[in-house]
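What follows is a short report on a single structure.
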Amino acid sequence: MSAVSFTLNAQARTDEGKGASRRLRRLEAKLPAVIYGGKEPAQSITLELRELVKALENEAFYSHVLTINIDGKPQQAVIKALQRHPAKNQPLHADFLRVDAAHKLVMRVPLHFLNQDTCVGVKNEGGAISINANDVEISCMPANLPEFIAVDLKDVHVGTTLHLSSIVLPTGVEIPALALGQDYDQPIANVHKSTADA
């Protein structure tokens, strides 16, 4: 686990509806959001837009247990959904799921493909790499949530396809799709003959 941590400050929100949400965004530079899950009811909150936008610049934000201080009371949560403006790409609304240390999370985390430049299939065999998946759905306890999962391409030869089952998972992390059988073992990357040589 990395030393990166994220804390967002939020306030409970009582005024619901589209008009109220638009006012928040326009006049107060705040973002409407909701936090749900666990034993407590869903709660509408507002976040500082600037604070959230800064956090979103870090890829790790999407696969981290966050601390959200709601009126000063900290809650552990993960981001589950983020709605953005179609043209401006600015966040419009966020959904957070409360985290319970005793229950497993199901999250999408990024895949980082390592050693692409030193891959034997590229360096020695004139191949090219195609990436089929940028992230993967995993299941784990909150304490085991990885920031990303590394896939080492160093020893991959031309003609080889890596699948979900090829991923070396950190301790305590599972890929739920693999429990569903062979048909769900999706390709994540392959090294193929370069078309330039054809």
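Quick look at the values:
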{"quantity": "Tyr184 - accessible surface, heavy atoms, 1.4 Å probe, Å² rounded to 10", "calculated": "110"}
{"quantity": "Sorted largest first, extent of the range 92-141 alpha carbons per principal axis (Å)", "calculated": "48, 31, 13"}
{"quantity": "Principal axis dimensions, the range 52-153 - Cα atoms, whole angstrom, descending", "calculated": "58, 39, 18"}
{"quantity": "Estimated dipole of the chain in Debye, rounded to 20 [Cβ of Lys and Arg +1, of Asp and Glu -1, Cα centre]", "calculated": "980"}
{"quantity": "Positive minus negative residues near Ala133 (Lys, Arg vs Asp, Glu; Cβ under 14 Å)", "calculated": "-2"}
{"quantity": "Full-extension gain in nm, Asn89 to Asp117, via 0.36 nm per residue minus C-alpha separation", "calculated": "6.9 nm"}
{"quantity": "Probe 1.4 Å, all protein chains present, accessible-area order of Asp135, Asp71, largest first", "calculated": "Asp71, Asp135"}
{"quantity": "Convex hull volume per residue in cubic angstrom - Cα atoms of the range 24-87", "calculated": "106"}
{"quantity": "³J(HN,Hα) computed for each position of the range 124-132 - Karplus, 6.51 cos²θ - 1.76 cosθ + 1.60, integer Hz, glycine/proline x", "calculated": "9, 10, x, x, 9, 9, 10, 9, 9"}
{"quantity": "Cα convex hull of the chain, projected area averaged across orientations, nm²", "calculated": "14.4"}
{"quantity": "For the range 44-114 versus the range 163-198, the gap between their alpha-carbon centres in whole angstrom", "calculated": "27"}
{"quantity": "Relative contact order, percent, the chain [alpha-carbon distance under 8 Å, six or more residues apart]", "calculated": "18"}
{"quantity": "Protein accessible area in the chain, 1.4 Å probe - carbon and sulfur %", "calculated": "51"}
{"quantity": "Which listed pairs, of Lys30/Lys80; Lys154/Lys193; Lys39/Lys104; Lys80/Lys154, have C-alpha distances above 25 Å, in listed order", "calculated": "Lys80/Lys154"}
{"quantity": "Surface per residue (accessible, 1.4 Å probe) for the range 35-172, Å²", "calculated": "53"}
{"quantity": "Computed over the range 120-198, Kirkwood Rh from alpha-carbon pairs, angstrom", "calculated": "13.9"}
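The values are calculated or read from the model by the stated rules, or taken from the named source; none is laboratory data. Remember, predicted model here, so these are calculated numbers, not experimental data. Cβ: placed from backbone, ideal geometry, glycine included. Neighbour counts: every protein chain shown. Each accessible area value is taken on the protein alone, full model and side chains, heavy atoms only, with ligands, DNA and RNA left out. Shrake-Rupley method; radii C 1.70, N 1.55, O 1.52, S 1.80 Å.
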